[in-house]
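First the structure, in the form of structure tokens, and then the observations on it.
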Amino acid sequence: MLDLGSFDKVALFGGVYNNWLALEATVADARRRGAQAVVFLGDAGGFGPHPNRSVEGLRSLPIHAIQGNYDDSVGQGLEDCQCGYTDPRDNHFAQISYDYTLANTSAEHREWLRGLPVRGELKVGGKRVRLCHGSPRRVNEFLWESTTPAGFIDHLCREEDVDLIACTHTGIHWERRLADGRGVVNVGAIGRPPNDGKRTVWYSLLEAGPNGIENRFVAVDYDWERLAREMTGEGLPPEFVETIRTGWWTTCLEILPGRERARGHH
Amino acid sequence: MDTLWLQVTGTLCNIACKHCFISCGPKVDRHKMLTREACVAAMDDAVARGCREIWFTGGEPFLHPEILDVLDAALARAPVGILTNGMLIDEDLATALGERFRDAPYNLEVRVSLDGATAEANDRIRGKGVFEATREGIRRLAAAGVELIVAISVLDDNAPEREEFVGLLRELGVPRPRVKWIPVFRMGREAGRQRAYEPWEVLAAEDLAAEDAAVRLMCGTGRTVTSEGVFPCPILINEPAYKLGSALGEAMGAAPVDHPACATCWQESFSCST
């Protein structure tokens, strides 16, 4: 387990999905805001163009990294992304981005992805934070806002003996706290917008406050037009490019719970 | 324990489908309705064990006279899914479900079973007039803003086309059609419709040695409560040998997975999470 130590302010992000432009913008923004540590919660690849650029970014910047299911798959050269989709159409599109990412990630970068730790821990203002990709117990477990009840959060925090669980994997950021301040912060993804019809992407800033850990979700603008052009240039499906241009998800939708699905366009 | 299945109406159903693996029907009360109190007790017990979702099944859950009270109790604790044939969803019930879909603390999934995109295809399995009633239920749910899912059984070698169902749902006013394919289990009435399981159709030890064995099988992460006790899954409730106890506390040990239905669950990675 990756133990990062104690901080007053940290930035957490997940789901780069090959969006190397959003990665650069996010890390610059986090530094500007005074984050003492920047932590990536997994899934470097998928969806976007030029996979090597994102991994190069992750490796050259002073950030810490946790392994996501995509990183495990690409690292080991597995047959699919292990995202946990159950619908044939979802799997069709997921396979296109996975095959592209696997074919275009260098052997050296794959080795780095393979070696990433799957869990981590840090402290913010003395409170313990578990770092993971899906959930603390399973790398590809989806923790959505509408399907992660308080009783389950209490159960997970007890099992992990932590105050806060920080995760990603769903691509939509949300937070739920129990009355005593323990809780889950899903940091969302910087690789694509959270199915809200806007083009900005999001990460999380945790800061020590008078009442424990305070979380703030931060919106990041980046050069989405350039990303869309590069995706088209790489021959990636127009459905993926549409998401970058419009902010609405077009694929991998069946995994969304009803309430999250109802907020989207497709 | 992640998932609590409540057999809220037991084996009582308003229809008697030819592929029903637990042979539910209007007079079938092998498993009786659960009282509201029994449902709440099971929910509290499950939540204390880390449960993260509750599913209502039967039979037909909307036959239960206190279904909205039971639903509210569940939604106060966890996200809820309801498996229904949709036939009993009138305007008032659709409105009540729409309110809960929008405003409850957690997600509400309403999963409507439909086994054909036409009356002819559906009613050969589910009974005369069912298609029409289910279609109206779907129309009302959509009008009430419920993001429903249609569950389609794969009845024959040739599965119906997804686009047929998507087209039907759009016609009924569903803005973002969601469909889910469900395998058949060769038990109950289904054993007589096509064929029963052969005794050799069981899981091999190598299957169970896999790393993801626990989360692939429904019994790896859930339990089913009926009026008759606790079972590993909603599929095996008519198999007395698989009863695990009379309350959840007695039923948390590993469940036997040597029934042929366990192999279907494994092969299809049968999970009622979306």
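The values are calculated or read from the model by the stated rules, or taken from the named source; none is laboratory data. Just so it is clear, the model here is predicted, and its values are computed rather than measured. Cβ: placed from backbone, ideal geometry, glycine included. Neighbour counts: every protein chain shown. Only protein heavy atoms, including side chains, enter the accessible area calculation; ligands, DNA and RNA are left aside. Shrake-Rupley method; radii C 1.70, N 1.55, O 1.52, S 1.80 Å.
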The lone exception for B:Asp115 - which of (1) touching a Ser or Thr at 6+ places or on another chain (Cβ under 8 Å); (2) open to solvent by 60 Å² or more (accessible area, probe 1.4 Å) it fails: (2)
Filtered residue count, the range A:221-239, keeping only those that are within 17 Å of the chain's Cα centre (by Cα) and open to solvent by less than 30 Å² (accessible area, probe 1.4 Å): 1
Selection from the range B:219-270 of residues that are aliphatic (A, V, I, L, M), open to solvent by less than 20 Å² (accessible area, probe 1.4 Å) and under 21 Å from B:Ala196 (Cα atoms): B:Ile235, B:Leu236, B:Ile237, B:Ala261, B:Ala263
Where a residue in the range A:242-263 is facing chain B (nearest Cβ under 7 Å) and its partner, wherever it lies, is among the small types (Gly, Ala, Ser) and assigned to a loop (DSSP other than H, G, I, E, B), with Cβ under 7 Å and at least six apart: A:Pro257/A:Ser146; A:Arg259/A:Ser146
Every residue from the range A:95-110 that is in contact (Cβ under 8 Å) with a residue 60 or more places away in the chain and either farther than 12 Å from A:Gly48 by Cα or open to solvent by 40 Å² or more (accessible area, probe 1.4 Å) (or both): A:Ile96, A:Thr105
Residue among A:Asp180, A:Asp196 that alone is part of a loop (DSSP other than H, G, I, E, B) and open to solvent by 60 Å² or more (accessible area, probe 1.4 Å): A:Asp180
Residue list for the range B:219-243, filter: within 14 Å of chain A (Cβ to nearest Cβ) and among the polar types (S, T, N, Q): B:Thr221
Contacts under 6 angstrom Cβ, first residue in the range B:186-204 being free of Cβ contacts under 8 Å to residues at least 12 places away in the same chain, partner part of a loop (DSSP other than H, G, I, E, B), 6 or more apart: B:Ala196/B:Arg186
Those residues of the range B:26-51 which are open to solvent by 40 Å² or more (accessible area, probe 1.4 Å) and over 20 Å from the mean Cα position of the chain (by Cα), in sequence order: B:Glu37, B:Ala41, B:Asp44, B:Asp45, B:Ala48, B:Arg49
Residue count, the range A:111-146 (criterion: in contact (Cβ under 8 Å) with a residue 40 or more places away in the chain, more than 14 Å from chain B (Cβ to nearest Cβ) and open to solvent by 10 Å² or more (accessible area, probe 1.4 Å)): 11
Neighbours by Cβ (under 8 Å, 6+ apart or cross-chain): first from the range A:53-79, aromatic (Phe, Trp, Tyr); second surrounded by fewer than 21 Cβ atoms within 10 Å (Cβ to Cβ): A:Tyr70/A:Gln82
Residue within the range B:100-118 that is over 18 Å from the mean Cα position of the chain (by Cα) and more than 14 Å from every other protein chain (Cβ to nearest Cβ) present: yes
Residue match in the range A:249-260 (condition: small (Gly, Ala, Ser), at pLDDT 95 or above and surrounded by fewer than 16 Cβ atoms within 10 Å (Cβ to Cβ)): no
Lone unmet requirement of (1) more than 13 Å from chain A (Cβ to nearest Cβ); (2) surrounded by fewer than 17 Cβ atoms within 10 Å (Cβ to Cβ) for B:Trp181: (1)
Residue in the range B:195-218 that is surrounded by 19 or more Cβ atoms within 10 Å (Cβ to Cβ), within 14 Å of another protein chain (Cβ to nearest Cβ) and not hydroxyl-bearing (Ser, Thr, Tyr) present: yes
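Results for (1) within 25 Å of A:Glu214 (Cβ to Cβ); (2) modelled with pLDDT of 95 or more; (3) not polar (S, T, N, Q), shown as yes or no for each residue.
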position	(1), (2), (3)
A:Asn91	no, no, no
A:Tyr98	no, yes, yes
A:Thr101	no, yes, no
A:Ile153	yes, yes, yes
A:Glu159	yes, yes, yes
A:Val162	yes, yes, yes
Any hit, the range A:178-188, residues being without any contact (Cβ under 8 Å) to a residue 24 or more places away in the chain and aliphatic (A, V, I, L, M): yes
Condition check for B:Leu141: within 14 Å of chain A (Cβ to nearest Cβ) and either within 17 Å of the chain's Cα centre (by Cα) or closer than 24 Å to B:Ala46 by Cβ (or both): no
Residues being basic (Lys, Arg) and in contact (Cβ under 8 Å) with a residue 40 or more places away in the chain - total across the range B:160-172: 0
B:Glu66 more than 13 Å from chain A (Cβ to nearest Cβ), over 18 Å from the mean Cα position of the chain (by Cα) and not β-branched (Val, Ile, Thr): yes
